[in-house]
Amino acid sequence: MNPSSSPPHPQLLQEQDHDQDRCPTKKSVWAAAAARAVAGEARAQRGIALPLIAMNLTWFAKQAVTTAFLGRLGDLELAAGTLGFSFANATGFAVLTGLCGAMDPICGQAHGAGNVALLRKTLLMAVAMLLAASVPIALLWLHVDAVLLRVFGQQLDIAVVARRYVVCLLPDLAVASVLGPLKAYLSSQEVTLPTLFASAVGLAAHIPLTVWLSRTRGVGGAAAAVWLSDLATAAVLAAYVLFLAKKHDGKAEAPPCGRWWWPEKTAAADWMRLIRLAVPCCLNTCLEWWCYEILVLLTGRLPDARRAVAVIAVTLNFDYLLFAAMLSLSVSASVRVSNSLGAGDASAARRAAVVSIAFSVLAGAVGGALMLASRQQWARLYTRGAEVRDGVAKAMRVMAALEVVNFPLNVCGGIVRGTARPAVGMYAVLGGFYLVALPVGVVLGFRARRGVEGLLAGFIVGAAASLAVLVVVIARMDWKAEADKARVRVAVATVQDDLGSGKEKASSGNAGDV
């Protein structure tokens, strides 16, 4: 008999069974691996989101400094400057920010695929697109006084001072056209600390500039301080990007995209791809921002309008603080999803979406709790009137519930943007806010006579409807198909770059022969 075929000793079988009991099963190994992957994804998103939150808070601090010094100039300057900035924000910066959103899926997927050439080309194309969009915006800003007088019925003195503020803010359109793409270019590569440092430099420059220019040039000086500090931020980021580009080109045998400061020739298909993404991204951002501006305008038509407007202004100021976290989590979700899709890893993209939604639910609960806890003390920072403070406390109680929905809504919008499907988010916002939130808010606020709380309750219903649409889309998403689309999208851009490089080399070779 062959010894190898003889049955094992009973004691040996018992020891083997004991060893198998001690070893983890396949199911437990898979669970442990999944837990490690989720924990790693959570750490990656935390590393992106936290610096972005701090960066967005510096923007809020800059606006607070500007508002404080406008208030020192007088009530007219404060009202006109605030109105002018709201007009500039709604008609200019919202448009530029929305257009810049097209960079998120393209640059994120290009970084995931390691396509440095597409990253740089998209950066330069986005800057050119935003500068072109700034021209009609600037023409509108030059006539802001006529718009405020004829459309919104503002007083003549307020409209004149608001025009002075907006005209002095005109250079910020060009600065924002460079600054926004630089931020998107770096964040799509999960590089956020330089942006935080540059924003801190801008805030440090903004304070002395505002003190000096507001004293010497009044309202126009306060506006000039805004764009000068933004210019300082853009200069720091541009220097970092140029240094990073030279460093990368020094390691390569040849620059991957022609010279690092200019890409190969861009085809019409490149522009069409960018514009097709930019338009829905822009509409998505503008529709949401404009809806809140409409909310303020509706508040001005309530009985006791002066008190109602003061209540909604103080309440929304707290929302702006929380929006810094919302926007950061949305960008983090978009970056992680697009990077994973560009790398062709469908499971990682799905995991990034699930983790980001879980984060947003937790953040929404924390944000709502903070708003509830601060509803009495927050109003004391702005007013001593008992009626306004009571109104703010009631409004913030409703707004707290809205924040619980707003956080997941913004993050889900970032997820669909990362999959290069921003039109889905646009339709969700259009339907939820304009077809549901505003009509329901008007009914509750005016007909049911619930005032500011009724208007905000309508926004809760509308935001929940938008969130439900996006959650269904994400839950039904075929991540494998999205990863394949991303790989094809990046590969097509690479082939176009290679063809462009080959044509230029051939033409230069023929010229040399001649």
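Positive end of the charge dipole of segment 280-487 (Lys, Arg +1 and Asp, Glu -1 on Cβ, about the Cα centre): tell me which of G425, I357, V440 has its Cα farthest that way.
Farthest towards the positive pole: V440.
For segment 269-366, taking Cα atoms only, what is the radius of gyration to one decimal and the Dmax to the nearest whole Å?
In order Rg, Dmax, the Cα atoms of segment 269-366 give 18.4, 57 Å.
Calculate, axis by axis, the spread of Cα positions in segment 72-180 along the three principal axes, and write the results as whole Å, longest axis first.
That works out to 55, 28, 19 Å along the principal axes.
Counting chymotrypsin sites (Phe, Trp or Tyr not before Pro) as exposed when in a DSSP loop with at most 16 other beta carbons within 10 Å, what is the longest stretch of the chain free of them?
Within the chain, the longest run free of exposed chymotrypsin sites (Phe, Trp or Tyr not before Pro) spans 1-151.
All other residues with a Cβ under 14 Å from the Cβ of Y185 taken together, and with Lys, Arg as +1 and Asp, Glu as -1, what is their net charge?
Around Y185, the surrounding residues sum to +1.
May I ask for the distance between the Cα centers of segment 449-470 and segment 118-150, given as a whole number of Å?
32 Å
Pop out the ³J(HN,Hα) list for segment 272-279 in order, Karplus 6.51 cos²θ - 1.76 cosθ + 1.60 with θ = phi - 60°, rounded to Hz; leave Gly and Pro as x.
5, 5, 5, 5, 4, 7, 5, 4
Counting only C-alpha contacts under 8 Å and six or more residues apart, can you give the relative contact order of the chain as a whole percent?
After rounding, I find 19 percent.
Of (i) 26.3; (ii) 35.7; (iii) 23.0, which one was derived for mean projected area of the Cα convex hull in nm² from the structure shown?
After the calculation, the listed value that fits is (ii).
What percent do you get for the relative contact order of segment 20-145 when only Cα pairs under 8 Å and 6+ apart count?
Once normalised by length, the contact order is 16 percent.
Any read-out appearing in this document is the output of simple, stated calculations on the displayed coordinates, not a laboratory observation. Fair warning: this is a prediction, and the values are worked out from it, not measured in the lab. In this analysis, Cβ positions are derived from the backbone assuming ideal geometry, glycine residues included, and neighbour counts consider all displayed protein chains.
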